[in-house]
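To start, the structure itself, in structure tokens.
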Amino acid sequence: MWQKLSLRARLNTILALILTLGLAVNIARLVLEAAPRVRAEDQSVILLAREFIETLVAGLNETSDPDARLGQIIGDLNRLRHVSITRQQDAIGARPTAAEGADGAPSSVPAWFVALIHPEQTAVSVPISIRGKPGSLLITSHPNDEIAEIWDGIVTQLQVGSAIAVALFLITMMVVSRALAPIQALSLAMTNIEAGRYDTRVEPGGAPELAAICAKLNHLAATLGNAVEDKRQLAERAVSLQDVERKEIARELHDEFGPYLFALRAHASSLMRIADARQPDTGALRKHGSAILEQVNALQQFNRRVLEKLRPVGLAELGLREALGALLRLWRESHPGVVIEMTVSPLLGGTGETAELTIYRIIQEALTNVFRHAGATRINIAVEPTGAGPTRSAGLEAEAVKVSVRDNGAGLPTDHKQGFGMIGMHERVRALGGTMTVASTGHGVTVEAVVPSGIQRHEIFQAM
């Protein structure tokens, strides 16, 4: 049942128990101290009465009527409230009870309390001698006032303590209720965040600890909102990049394949006409055949470039090192005046298909930008392992590969905006959990990326 109680109910229950226990301990202390107080009162009263009687009785034999004088002394002393005095022969069967005063008035104290702290009356016998005749007086203590005073103190303590305990309980319950009020707001905010409303915010309040939790929850909601927005923008850019790539491939197919196919058709038609002649012109046949071979070679080169954009040739079969070598050979053939140096660390192990493709695309895009815009004469490429990379989506540290491409070109203009190709590289690397930077110093551009290795394609989809 305790587990089903709310935090507020638990705190209030504990507080009520503590206040009740404190009040009970205080009352118990008063009750335990009551008996010693009553005994001390008995001893004090009896000692005082005994000394007083011994003083008065010392001169009885000198009076004319000692018995009458003794009776007068006893009557006068019995007017006292805390003690009763009787002659020994009168005391048998006539001893007053503890619940009565010396005047026989009943007490307001409960009988069980009197029996608890003063179960037996205290009586002392004082011997006397009247004209040689021995006798004694019985002094009995009646601490009714002391008992009543103790009982009144207990009742007052119980009433005042209960009132104070109730007041403290109500005040503390109100304070606890206000202090725990942010918890309801936190619960509602968490429900809204779970439902996808990441603009939910909680007003920090209550105890400093709860205020800190509210602030952290607000920060978490903002972070989740930004992450979801980034994911949406990434999806939009991915679709946009796909459309751009498709348009570019369609344009290249139209601009490149169309003229080549038209030329091939024209040459084929010419060959058919020459072949239908009675005496074919061998020189013309060779001329058109040579033209057809040139067109086919051009188509093959164009087909290779298109395939390189869609999927690097030989990457899966030969590996990253050989695929990069083939890519650089193509660029060196088309730009013989540019020195391209590449260093692939021998410590680079298996990085995984997705990481290898990403590294290849980064270098390919960087080289494309250099040859299109930089006017560089030297390009340096380095691929090397860096140990533990950025934290992956699964919360584990992965081996990473550092890729850098440096050129000595003109650098980036101040109003430079990244193209779709470089934006796509940024998004690809970030989807893997890596980082990518592009820096320009005025003496060239440096593209650096850290790509976690060993990541499979399905992990990218999970991260996105």
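The values are calculated or read from the model by the stated rules, or taken from the named source; none is laboratory data. The shown structure was predicted, so the numbers you read here are calculated from the model rather than taken from an experiment. All Cβ positions, glycine included, derive from the backbone under ideal geometry; neighbour counts span all protein chains shown.
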Out of (1) farther than 23 Å from N12 by Cα; (2) in contact with a helix residue (DSSP H, G or I) (Cβ under 7 Å, 6 or more places away or on another chain), what's the single condition that is false for L158?
(1)
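So if I check each of R286, R305, which one is among the basic types (K, R) and either in contact with a helix residue (DSSP H, G or I) (Cβ under 9 Å, 6 or more places away or on another chain) or under 24 Å from D255 (Cβ atoms) (or both)? Before the answer, list the steps.
Working: R286 fails: either in contact with a helix residue (DSSP H, G or I) (Cβ under 9 Å, 6 or more places away or on another chain) or under 24 Å from D255 (Cβ atoms) (or both).
None of the others qualify; the one that does is R305.
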Against the definition (part of a helix (DSSP H, G or I), under 30 Å from L330 (Cα atoms) and among the acidic types (D, E)), how does E252 come out, yes or no?
yes
Over region 48-80, the set of residues surrounded by fewer than 15 Cβ atoms within 10 Å (Cβ to Cβ) and touching a residue at least 24 places away in the same chain (Cβ under 8 Å) is E54, N61, D67, N78
Of the criteria (1) over 13 Å from D407 (Cβ atoms); (2) surrounded by fewer than 20 Cβ atoms within 10 Å (Cβ to Cβ); (3) out of contact with any strand residue (DSSP E or B) (no Cβ under 6 Å at 6 or more places or on another chain), which one A323 fails
(2)
Taking the condition exposed (fewer than 15 other Cβ atoms within 10 Å of the Cβ) and either at pLDDT 85 or above or not in a helix (DSSP H, G or I) (or both), does T200 pass?
no
I'm told L17 meets every condition in (1) over 26 Å from R178 (Cα atoms); (2) out of contact with any Pro (no Cβ under 8 Å at 6 or more places or on another chain); (3) part of a helix (DSSP H, G or I) except one. Can you identify the failing condition by its number?
(1)
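Yes or no: N297 closer than 24 Å to S334 by Cα and surrounded by fewer than 12 Cβ atoms within 10 Å (Cβ to Cβ)? Give the derivation first.
Values: closer than 24 Å to S334 by Cα: yes; surrounded by fewer than 12 Cβ atoms within 10 Å (Cβ to Cβ): yes.
So N297 fits the description; yes.
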Among the numbered conditions (1) surrounded by 15 or more Cβ atoms within 10 Å (Cβ to Cβ); (2) in contact with a helix residue (DSSP H, G or I) (Cβ under 8 Å, 6 or more places away or on another chain), tell me where A207 comes up short.
(1)
Can you confirm whether region 257-265 contains a residue that is within 23 Å of S334 (Cβ to Cβ), among the hydroxyl-bearing types (S, T, Y), surrounded by 11 or more Cβ atoms within 10 Å (Cβ to Cβ) and in contact (Cβ under 8 Å) with a residue 12 or more places away in the chain?
yes
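What residue, of V344, V339, V403, V383, is surrounded by fewer than 14 Cβ atoms within 10 Å (Cβ to Cβ) and at pLDDT 85 or above? Break it down stepwise before answering.
On the way: V344 fails: surrounded by fewer than 14 Cβ atoms within 10 Å (Cβ to Cβ); V403 fails: surrounded by fewer than 14 Cβ atoms within 10 Å (Cβ to Cβ); V383 fails: surrounded by fewer than 14 Cβ atoms within 10 Å (Cβ to Cβ).
Going through V344, V339, V403, V383 in turn, just one is surrounded by fewer than 14 Cβ atoms within 10 Å (Cβ to Cβ) and at pLDDT 85 or above: V339.
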Give the number of residues within region 167-180 that are part of a helix (DSSP H, G or I), of a type in the set (A, V, I, L, M, F, W, C), touching a helix residue (DSSP H, G or I) at 6+ places or on another chain (Cβ under 9 Å) and over 13 Å from G22 (Cβ atoms).
3
Would you mind telling me which numbered condition in (1) out of contact with any Lys or Arg (no Cβ under 7 Å at 6 or more places or on another chain); (2) in contact (Cβ under 8 Å) with a residue 60 or more places away in the chain; (3) surrounded by 12 or more Cβ atoms within 10 Å (Cβ to Cβ) S136 fails?
(2)
Within region 155-175, which residues are among the hydrophobic types (A, V, I, L, M, F, W, C) and crowded, with 16+ Cβ neighbours inside 10 Å?
A165, F169
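Which one of A167, A211 is in the same structural domain as S6 (by TED's automatic domain parsing) and of a type in the set (A, V, I, L, M)?
Details: A211 fails: in the same structural domain as S6 (by TED's automatic domain parsing).
Being in the same structural domain as S6 (by TED's automatic domain parsing) and of a type in the set (A, V, I, L, M) holds for just one of A167, A211, which is A167.
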Could you tell me whether region 229-249 includes any residue that is part of a helix (DSSP H, G or I), surrounded by 11 or more Cβ atoms within 10 Å (Cβ to Cβ), free of Cβ contacts under 8 Å to residues at least 60 places away in the same chain and of a type in the set (A, V, I, L, M)?
no
Just for region 366-380: of the residues that are modelled with pLDDT of 85 or more and buried (at least 19 other Cβ atoms within 10 Å of the Cβ), which one is nearest to W331 (Cα to Cα)?
L367
Please determine whether any residue of region 50-62 is modelled with pLDDT of 80 or more and part of a helix (DSSP H, G or I).
yes
